[in-house]
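Each remark here refers to the structure printed beneath this line.
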Amino acid sequence: MEKLSRKTLNNICCIGEETLKDKELAIIYNAVGFTNKIDFSQEDSDFFSNKEIGEIFDALFRKNARLFTFPNELEYIQNTLNNDLPSNLLIWNLSRQGGDNNKKSLVTSMADFMNLEYIGSSVYTMNLCRHKFHFQKIIHSSLITKFPSEFDARKYADASITFLIKPEKGSASRGMSSSLTNLSSSTVLELIEKKQLKPQDIIQQYIQGYEIEVPLIQYNGVFLSLGICGIQKNGEIFFKSGILEEEMYDTKYEFYDFEDEIDNPVLCDAIIAEAVRIAKLTELKDYGRVDFRVDFKNNFYCFDIATTPYLTEHSSFNFLMEQQDFSHPDLLSLIIGAHHSNTECL
């Protein structure tokens, strides 16, 4: 099973702490009230709250990290071009601005161009994983279709099959409307005929089931999982309708250990193996997260790949770390250690 042992977790954290003794860390991020928006139509939910980014900074300070923080991408770029930053800098791109499919990618693109050391996936992988239709085709999923040419309502005459409409590019449920979920095939066809869907919309079959997240760490070039984290809302773990909407400040969902809850090692091993396969296929680097829905027949479907998943205290990464008695600062050491292990094995 491709899962991180406590011993390996501890080793990677130690690598991260040693790295912080030699490196200074530049974090480029976007936070409400601190970032000058390039696009004023971008929703605040795309950005960190002050509490969330504060948790990350506090955790790094507790690991004695020396930080350069930039709430604006262009400020960081100007400092780099002026040679105002130290040569032993490690770059961590947590920014979330940019146009269309290139959102989040400006800082990473510059790091690649100038051959600077950075944590995380390449621009290619970031852009690919934001494009839900493209990555679904690459992982051979039939879950998502585009309209109108690929949607055939006659194929879905079964009344039990419903659909949701979502933007083809983006993260998780951002840009989705709860009114466009649990739609029958005839309703979707009606929306198409009335031209009420946008060219960038995709049609996804709605899966009733458990919503789970599989956090991944790459160690010496090999992907390993922290485990499987389930999401629960209002005490419900099996979702029969609706979506988990993006929230600011007031988080209404909680986590649980899916492996303990389900007690099905064969299923859990298969889910982790598929997450690892997807990570390799999409060329994730250092860390990432693959999200699934698991139906009542134990079929599982990937619906999202996060190349820069949240690493705040309220995150599946931190929940699973705490299950093994590691702290939130340890999680940040883990990410840095995973990066360093991969630079050494290149």
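Tabulated values for the structure
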read-out: Extension gain (nm, one decimal) between Glu254 and Glu43, 0.36 nm per residue minus Cα-Cα; value: 73.6 nm
read-out: Estimated dipole of the chain in Debye, rounded to 20 [Cβ of Lys and Arg +1, of Asp and Glu -1, Cα centre]; value: 880 debye
read-out: With all protein chains modelled, accessible area of Asp44 [1.4 Å, Å²]; value: 70 Å²
read-out: Whichever aspartates and glutamates have a C-alpha closer than 14 Å to that of Lys37, once near sequence neighbours (fewer than 8 apart) are set aside; value: Asp46, Glu73, Glu75
read-out: Extension gain, Ile161 back to Asn264 (0.36 nm per residue minus Cα-Cα distance, nm); value: 34.5 nm
read-out: Segment Ile138-Lys198, extension gain: residue separation times 0.36 nm, minus the distance between their alpha carbons; value: 19.3 nm
read-out: Probe 1.4 Å - accessible area at Val266, Å² to nearest ten; value: 110 Å²
read-out: Label point distance in nm, Tyr124-Asp112, each placed 7 Å from Cα along Cα→Cβ; value: 0.7 nm
read-out: Coil-residue trypsin sites (Lys or Arg not before Pro) of region 251-318, DSSP, other Cβ within 10 Å capped at 16; value: Lys252, Lys297
read-out: Filter on Lys233/Lys297; Lys166/Lys198; Lys103/Lys195; Lys166/Lys195; Lys198/Lys280 - keep pairs with C-alpha separation over 20 Å; value: Lys233/Lys297; Lys103/Lys195; Lys198/Lys280
read-out: Lys51 paired with Phe34, simple spin-label distance in nm, labels 7 Å along Cα-to-beta-carbon; value: 1.6 nm
read-out: In range of the label at Ser327: residues from region 47-67 whose backbone nitrogen is under 14 Å from the point 7 Å along Cα→Cβ; value: 56-65
read-out: Rounded accessible area of Ser45 (nearest 10 Å², 1.4 Å probe); value: 20 Å²
read-out: Rounded accessible area per residue of the chain, 1.4 Å, Å²; value: 45 Å²
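The values are calculated or read from the model by the stated rules, or taken from the named source; none is laboratory data. Every value quoted in this text rests on a predicted model; they were computed, and no experiment measured them. Because the Cβ atoms are built from the backbone with ideal geometry, glycine has one as well, and the counts that use them run over all protein chains shown. Remember, those area values only see protein heavy atoms, side chains included, never the ligands or the DNA or RNA. Shrake-Rupley method; radii C 1.70, N 1.55, O 1.52, S 1.80 Å.
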